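Nothing in this text is a laboratory measurement; each read-out follows from the coordinates by a stated rule. The structure displayed is predicted, hence computed values, not measured ones. All Cβ positions, even for glycine, are placed from backbone atoms using ideal geometry, and neighbour counts span all protein chains on display.
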Amino acid sequence: MGVLSALVVKDLQEILTSRYFLVSLVVGFAVLVALGAVMGASIRETVAGTQKFAVVVNDTTDLGMRFVEKLRRHGGEVYSSFSPDLLTRYNYVVVVPRNFTFPARVEVYARYRGLMSVAPPFVLDVAAAEAAREVGVPPQLLNVTTLVYMDGARLTEADISILFSLFMLSWVFMFLVPLLVATTAAIAMGVEKEKRTFELILSTPATPNALIAAKLVSSVILALIQFAVMAVGMFIYFSNLVVVETSPTAATQPFTLSISLSPSLLALVALSTLALSIAVLALSLLVATRTEDIKTAQSVVPSVIFPLLLPAFVALFAPVDTFEAYPFVHPLAVATAAAFGRWDKAYLYLAVDWALAAAALLAVSRLMTAEYLVTGGRRRR
Amino acid sequence: MIRAVQLQKKFGKVEALRGVSLQAAEGEVVGLVGPNGAGKTTTLRILAGLLKPDGGYAEVLGVRTDSPEFRRAKRWLAYLPEEVMPYDNLTGRAFIEFVHGLYGVVNMKEAVELSGLGPRVDDKIKTYSKGMRRRLVAAALLTVGAKVLLLDEPTSGVDVLHAVEIRRAVKEYAKSRGAAVIYSSHNMLEVQSVCDRVYFIDRGVVVDVGTPGELLQRYDATDLEEAFVKALKGSG
């Protein structure tokens, strides 16, 4: 056997039998499958949403009627007058004006179902292009005004801007902070494993619970430092990007909401995130104790935590109300509930988050005995 | 001060200890000698309260090591594990402060002196040699005022001159403070020179015990190494 083949065979034998390699393989596979399922569900939901819409038309031009006909062929159901009730049955309602001509101004009343509902439906441009082709004029895009409704109340442009900020903020809290915490915990625990210092520490008056508490505190502090640096960077980034435009006339209309990012709302988001971070931290510490060094801990721990945070991705594309019971989307669910004055729901989710954190801490304190930390296994009685 | 009675410990199907009994009195340095996998480290871990025995029991300072009360007794126990390495990004002084902080003592001067690191004590540990790291951990633990020392290969990786210094310090510590010391080592010369009594241990059982002189006489050996080999052959 040549030197090269000997080295390759050794590497394959070493790595293919490594449980960390196998774990990363299985977890990677599971993440891909889960991501596919979640994104697929989201896409199906979006497609279903675009297929279910109403068209309101009452006496319009020939071109307008052609446009309505195209919309009908694309799944639109035609009504002669608008009523808020339509928004409970359809995701959006297209109102075709009496003087429809190109370039056309069309109003779309959309039911709020995540950030994507703010964008004009793609089907409108398709139908407009088809109608234009029939009458032999060049296809022209429509000028669409989207009026978003949520629970029967109209969202102003300012509300939508704030909701957008809320989503971005919550996504950071739902995804980035727990991942930072997990990585920090992996380093904190991995260094003890690598240096074999558990034996030294636990043979002193320090107890396993004191060690876990210290790791929790130090990991949170380190994660906060990381987050603070990132937050400053993000603030600078967003301050160059986001321009919030308010519409004073819209705010005076009936049924409008006035959402604001109040300190109490932000406090609830922070409390929810803190509780979930503690739960993530406890799980991360537990996983990290199964590894042998910092590098392994750093690769294994986030790969275990990442699938838990996957729904945070979906929150950007779909409404959270379908899976808001899932704890790791609670920062957004709590924020949305508080923004719409549903305090009972906000406090309920907060209570669930802290119960989860307490349960995770209790489980870890029971599992992580000195023997577990030193030998990596539970004592069999 | 240290007493182990019929200690048994299994890891899965492996029987690490099959009834180890030993004791160490006040001011006594007791050697624990055996081949790899004999059960030395497992015995020390049980004595340090890190593992719970599956059978038998151990007492340190009159307290059972598997009882909740042992937590308080650990203030007077110092265990130097074989493979422990101090943290790279701390300085030697910060590491001593950390260990002393766990015991609630401040004894920097003596620890620095014993470590032999001199001004290097303020350098980061990642710049230390293996021997310097071992000396640092040993010095930190030997200066916490423990009444019981459990030392697993304390001079592993340490050069001859500093190994002599550590041995002298351990012996002096036991006599001057009346501490009981369990000293595990592969180095027979070291064990012969430091220990008052020696336990030969193999495959989880004690094969023989005695003072170095008694063991040499019993096996008609010129040194402890020869006695150890004969003892193991006799037991196998």
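In order along the range B:18-35, the phi-based Karplus estimate (6.51 cos²θ - 1.76 cosθ + 1.60, θ = phi - 60°) of 3J(HN,Hα) comes to 10, x, 8, 10, 7, 8, 9, 8, 4, x, 9, 9, 10, x, 10, 10, x, x Hz; Gly and Pro are listed as x. Mean per-residue shielding of peptide B:181-191 is 0, counting Cβ atoms of other chains within 10 Å of each Cβ.
Based on the Kirkwood approach, the hydrodynamic radius assigned to the range A:76-213 is 20.0 Å, with every pair of different Cα atoms included.
If you wrap a convex hull around the Cα atoms of chain B, how much volume per residue is inside, in Å³?
In chain B, the Cα convex hull volume per residue is 119 Å³.
The dipole here belongs to the protein assembly as shown: it is taken about the Cα centre, uses +1 on the Cβ of Lys and Arg and -1 on the Cβ of Asp and Glu, and is about 1060 debye. Close amide-amide hydrogen proximity is noted between A:VAL55 and A:GLU77, A:VAL78, A:TYR79, A:VAL94, each under 5 Å apart and 5 or more residues distant or on a separate chain (H modeled in the peptide plane; Pro and chain starts excluded). Helix B:224-235 and the longest principal axis of the Cα set of chain B meet at an angle near 40°.
Using only the Cα atoms of the range B:89-136, what semi-axes does the equivalent ellipsoid have when each is the square root of 5 times a gyration tensor eigenvalue? Give whole Å, largest first.
Each semi-axis is √(5λ); the values are 17, 11, 9 Å.
Of the peptides B:58-65, A:75-82, the ranking by mean beta-carbon count within 10 Å, highest at the top, reads B:58-65, A:75-82. For the residues of B:49-55, the average number of beta carbons from a partner chain within 10 Å of their own beta carbon is 4. If you look at the Cα atoms of the protein assembly as shown, you get an Rg and a Dmax of 35.1, 119 Å.
On average over all directions, what projected area in square nanometres does the range A:322-381 have, based on the convex hull of its Cα atoms?
Projected over every direction and averaged, the Cα hull of the range A:322-381 covers 5.7 nm².
Near B:GLY37, no amide H atom lies under 5 Å from its own; only residues 5 or more places off or on other chains count, and H is placed 1.01 Å from N. Between B:ALA78, B:ALA25, B:ALA180, the residue with the greatest mean-square fluctuation in the GNM of chain B (Cα pairs under 10 Å linked by springs) is B:ALA25. When Rg and Dmax are taken over the Cα atoms of the range B:75-193, they come to 13.1, 37 Å. Shielding value for B:10-19 is 1, the average number of Cβ atoms from other chains within 10 Å of each residue's Cβ.
For the range B:169-209, the alpha carbon convex hull comes to 75 Å³ per residue, rounded to a whole number. When all alpha-carbon pairs of the range A:132-224 are counted, what percent fall beyond 16 Å? Roughly 73 percent, once rounded to a whole number.
Close amide H contacts of B:SER21 (hydrogens built in the peptide plane, cut-off under 5 Å, sequence separation of 5 or more or a different chain): B:GLN6, B:LEU7, B:VAL206.
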